[in-house]
Amino acid sequence: MKVESLFYLGITAFFIIIGTIYWFTSYEDAGTTMLAASSLLGLLAGGYLLFQARKFPPRPEDRPDASLAEGAGPVDQFPASTVWPFVFGFGATVLATGFVFGVWVVLGGAIVLVFGVIGMIRQSRDTSPTE
């Protein structure tokens, strides 16, 4: 996880540099605040991954002397082809649109969203892992 943590910490450094340049050149508060928040999000993810990397032994991806064969192994399970993510997304879109148009649209979107969540959960529990 060290590679991933360094990636996110690099994103943090990028946003700090860009935010500082933006602050000194534009004197605009909203953009500076958003760039600072972006750097904090990168710091949160990178710091967490770096903290977790210290708890576990290094993976083959983290060792420079590792070979390709060490990283090989079985792939777990891929999700099945299904319509439930579309139903979930449609329900979320209708629910969000309902905040503009009225409570009845929110209720309709919430119902479709709940059906989408239930459908995805049921299908994920019904599929068996492939070998």
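Restricting region 1-34 to residues that are polar (S, T, N, Q) and over 30 Å from residue 55 (Cα atoms), which is surrounded by the most Cβ atoms within 10 Å (Cβ to Cβ)?
The first filter runs over region 1-34 and keeps only residues polar (S, T, N, Q), leaving 5, 12, 20, 25-26, 32-33.
If we keep only those that are over 30 Å from residue 55 (Cα atoms) as well, we get 20, 25-26, 32-33.
Numbers: 20: 14, 25: 8, 26: 11, 32: 16, 33: 12.
Step by step, filter region 1-34, then rank; the result is 32.
Check whether at least one residue in region 54-71 is surrounded by 11 or more Cβ atoms within 10 Å (Cβ to Cβ), basic (Lys, Arg), in a helix (DSSP H, G or I) and in contact (Cβ under 8 Å) with a residue 24 or more places away in the chain, and report yes or no.
Looking for residues that are surrounded by 11 or more Cβ atoms within 10 Å (Cβ to Cβ), basic (Lys, Arg), in a helix (DSSP H, G or I) and in contact (Cβ under 8 Å) with a residue 24 or more places away in the chain, one finds none in region 54-71, hence no.
Which pairs turn up if I take residues in region 6-23 that are touching a residue at least 24 places away in the same chain (Cβ under 8 Å) and assigned by TED's automatic domain parsing to the domain that holds residue 51 and look for partners that are surrounded by 17 or more Cβ atoms within 10 Å (Cβ to Cβ) and not small (Gly, Ala, Ser) with beta carbon separation below 7 Å, at least 6 apart in sequence or on another chain?
Filtered contacts from region 6-23: 8/49; 12/43; 15/35.
Residues in region 80-112 that are part of a loop (DSSP other than H, G, I, E, B) and either touching a residue at least 60 places away in the same chain (Cβ under 8 Å) or in contact with a helix residue (DSSP H, G or I) (Cβ under 7 Å, 6 or more places away or on another chain) (or both): how many?
Residues flagged as part of a loop (DSSP other than H, G, I, E, B) and either touching a residue at least 60 places away in the same chain (Cβ under 8 Å) or in contact with a helix residue (DSSP H, G or I) (Cβ under 7 Å, 6 or more places away or on another chain) (or both) within region 80-112 amount to 2.
State all residues of region 1-43 that are out of contact with any Ser or Thr (no Cβ under 9 Å at 6 or more places or on another chain) and under 30 Å from residue 70 (Cα atoms); if no residue qualifies, say none.
1, 2, 3, 4, 5, 6, 7, 8, 9, 10
The values are calculated or read from the model by the stated rules, or taken from the named source; none is laboratory data. In this text, all values refer to a predicted model and were calculated from it rather than measured experimentally. All Cβ positions, even for glycine, are placed from backbone atoms using ideal geometry, and neighbour counts span all protein chains on display.
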